[in-house]
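Here the structure comes first, spelled out in structure tokens, and everything after it is commentary.
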Amino acid sequence: MATIDARAKTGRMLIYRHSLAVRLSHWVNVLCLTVLLFSGLQIFNAHPALYWGQYGADNDPSFIAMEAVEDGDRAKGLTHVGSFTFNTTGFLGLSNVDGEATARGFPSWLTLPSYQDLSTGRRWHFFFAWLFVLNGSVYLLHGLISRHFRRDLAPEGKELTLAHLGQEVANHARLRFPKGAEARHYNTLQKLTYLAVIFLLLPLMVATGLTMSPGFNAVAPWLLDVFGGRQSARTLHFLTAFSLVAFVVVHVAMVILSGVFNNLRSMITGYYSIEQGDE
């Protein structure tokens, strides 16, 4: 990782941590994934149920489902996960829209557009999906050519020992973040997590999304066999998306806890501040 000394009387120095390509692709991904999530929930609301296999309809057993049901003189929202049922009135299955209880999977404040409109949601989703694929392709090409993956993300053998990994887990649990020379590079948990997201979760999300497209099925019909049918691909797409949401929640929490200004500056300007005395 390239460094540029910018020593000051504060006892800290600036290092050049993120290249322009990494920073640009990061912020484009932020935009794309935000729109993809909200528009994806809009699409999900058109049929708020997930299945496993080749087919999926109202009478088929669902893996996850949301619905509104009558309960005496009132309605309530229910979420079914396998054989378990949860009352999620006000959030899932039944939520307030313009002051009225409305049957819908996810609430209006989580969908794009906020009102129920499948065709508009699909247009938003497909446009930003292809922008996301294009951005990811550029990032992968840059990572290979610049050796970013090998230099910054590939863990060394000593970093993969159980003792080292256990120590890093303990440090994270105690909110003890790297300082000085150690802060110049990603720690092992960061490297493994980023590699899993870049080379597993994101490609899986793209592949399952393409599998749901009848047009793409004509080009690559084998994808239906790989994922066990279009409905299975839809379920995996949904689960992958929420795995990414979980990653983002943890990622943002770590950014805030380890120094939000320093981390944001590094992803905007490329420069990250570390303590000089611990080099």
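Only Cα pairs under 8 Å and 6+ residues apart enter the sum, and on that basis the relative contact order of the chain stands at 25 percent.
Per residue, the chain exposes an accessible area of 58 Å² to a 1.4 Å probe, with every protein chain left in place. Considering only Cα atoms, the convex hull volume of region 158-279 works out to 149 Å³ per residue.
Here the chain exposes an accessible surface that is 65 percent carbon and sulfur, computed with a 1.4 Å probe and the other protein chains kept in place.
Rounded to 0.05, the FRET efficiency of the SER83 and ILE268 pair, given R0 = 35 Å and the Cβ-Cβ distance, is 0.15. Which one, (1) 19.3; (2) 21.5; (3) 22.4, gives Kirkwood radius over Cα pairs in Å as derived from the coordinates shown? Read-out taken from this structure: (2). Shape analysis of region 25-126 places it in the oblate category; the axes a ≥ b ≥ c from the Cα gyration tensor give an a/c of at least 1.5, with a/b not above b/c. Taking Cα atoms only, the orientation of helix 20-45 departs from the longest principal axis of the chain by about 20 degrees. Working ranking of peptides 162-174, 187-199 by packing, defined as the average number of other Cβ atoms within 10 Å per residue, highest first, is 187-199, 162-174. Sorted on the mean count of surrounding Cβ atoms within 10 Å across their residues, most packed first, peptides 42-51, 149-158 read 42-51, 149-158. Here the Karplus curve 6.51 cos²θ - 1.76 cosθ + 1.60, taken at θ = phi - 60°, turns the phi angles of region 101-112 into couplings of 5, 10, 6, 6, x, 9, x, 4, 6, 10, 10, 10 Hz, with x standing for Gly and Pro. What shape does region 96-201 have by the C-alpha gyration tensor, where a ≥ b ≥ c are the square roots of the eigenvalues, rounded means a/c under 1.5, and otherwise prolate means a/b greater than b/c and oblate the rest? Oblate, because a/c is 1.5 or more while a/b does not exceed b/c.
The values are calculated or read from the model by the stated rules, or taken from the named source; none is laboratory data. Quick caveat: nothing in here was measured; it's all calculated off a predicted structure. Note that we place each Cβ from the backbone using ideal geometry, even for glycine, and neighbour counts take in every protein chain shown. What goes into the accessible areas is simple: the full protein's heavy atoms, side chains included, and nothing from ligands, DNA or RNA. Shrake-Rupley method; radii C 1.70, N 1.55, O 1.52, S 1.80 Å.
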